[in-house]
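One structure is given below, encoded as structure tokens.
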Amino acid sequence: MKKYEVMYIINASVEDDKRAALIESVSGIVTKNGGKVNKTDEWGMRDFAYRIDDMTKGYYVVSAFEADNACVKEFDRLLGLNTNIVRFMITKAEAPVQEAK
């Protein structure tokens with residue numbers, strides 16, 4: 001399995017309890033498809049640099065996970081279908097740089 005990170009923005013109008021459930025369900029997508037979530041950081045409510053669909057704020061979340069290609073493909077598909085997620089980006093985690101001796 002390869003290591004990935006995903007940053008996603010939740011619509012600011014989603015209530016706190018529903019937002020917590022949404023974050024849990026996003027992590028559940030990875031685990032149900034054979035992946036493993038290593039860490040989830042909630043960055044909180046932040047202003048956008050520009051308006052997105054008449055919104056100026058969103059709730060930012062970053063998760064690190066391990067998954068195979070099929071899991072990442074399904075994860076990408078399901079995040080794209082969720083209307084409460086404004087934007088998201090999945091990136092491959094970089095391997096640590098080893099110093100030359």
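No value in this document is a laboratory result; all are computed from the given coordinates. Just so it is clear, the structure is predicted and the values come from calculations on it, not from any experiment. Neighbour counts run over all protein chains shown; Cβ positions are idealised from the backbone, glycine included.
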| remark: Treating only Lys and Arg (+1) and Asp and Glu (-1) as charged, each at its beta carbon, one finds that the range 2-92 has a dipole about its Cα centre, in Debye to the nearest 20, of 320 debye
| task | Read phi for every residue in the range 67-81 and hand back ³J(HN,Hα) as whole Hz from Karplus 6.51 cos²θ - 1.76 cosθ + 1.60, θ = phi - 60°, with x for Gly and Pro. | result | 6, 8, 4, 5, 5, 5, 4, 5, 4, 4, 5, 5, 5, x, 7
| request: Return the distance in nm (one decimal) between the two label points of a simple spin-label model at LYS3 and LYS73, each offset 7 Å from Cα along Cα→Cβ. | output: 2.5 nm
| Span per principal axis, largest first, for the Cα atoms of the range 2-92 (Å) | 35, 25, 21
| task | May I ask you to evaluate 6.51 cos²θ - 1.76 cosθ + 1.60, the Karplus curve with θ = phi - 60°, for each residue of the range 54-65 and list the ³J(HN,Hα) values in order in whole Hz, giving x for glycine and proline? | result | 6, 10, 10, 9, x, 9, 8, 9, 10, 10, 9, 8
| query | In degrees, nearest 10, range 0 to 90: what is the angle between the Cα axis of helix 16-32 and the longest Cα principal axis of the chain? | reply | 30 degrees
| Cα-based reach from LYS2 at 24 Å (exclusive), listing lysines while leaving out same-chain residues under 8 positions away | LYS32, LYS36, LYS39, LYS73, LYS92
| query | Summing -39500 (n - 2.57) over the DSSP H runs of n ≥ 4 in the chain and dividing by its residue number, what mean residue ellipticity at 222 nm do you reach, to the nearest 500 deg cm²/dmol? | reply | -9500 deg cm²/dmol
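Report the local net charge at GLY34: Lys and Arg +1, Asp and Glu -1, summed over other residues whose C-beta lies under 13 Å from its C-beta.
Net local charge, GLY34 excluded: +1.
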| request: Return, ordered by residue number, the residues of the range 80-94 whose backbone nitrogen is under 20 Å from a label point located 7 Å along Cα→Cβ of ALA49. | output: 86-92
| task | Before anything else, pin down the relative contact order of the chain: Cα pairs under 8 Å, at least 6 apart, normalised by residue count, whole percent. | result | 45 percent
| note | Sorted by chain and then number, the residues having a modelled amide H within less than 5 Å of the amide H of VAL86, at least 5 places away or on another chain, are ILE9, ILE10, ASN11
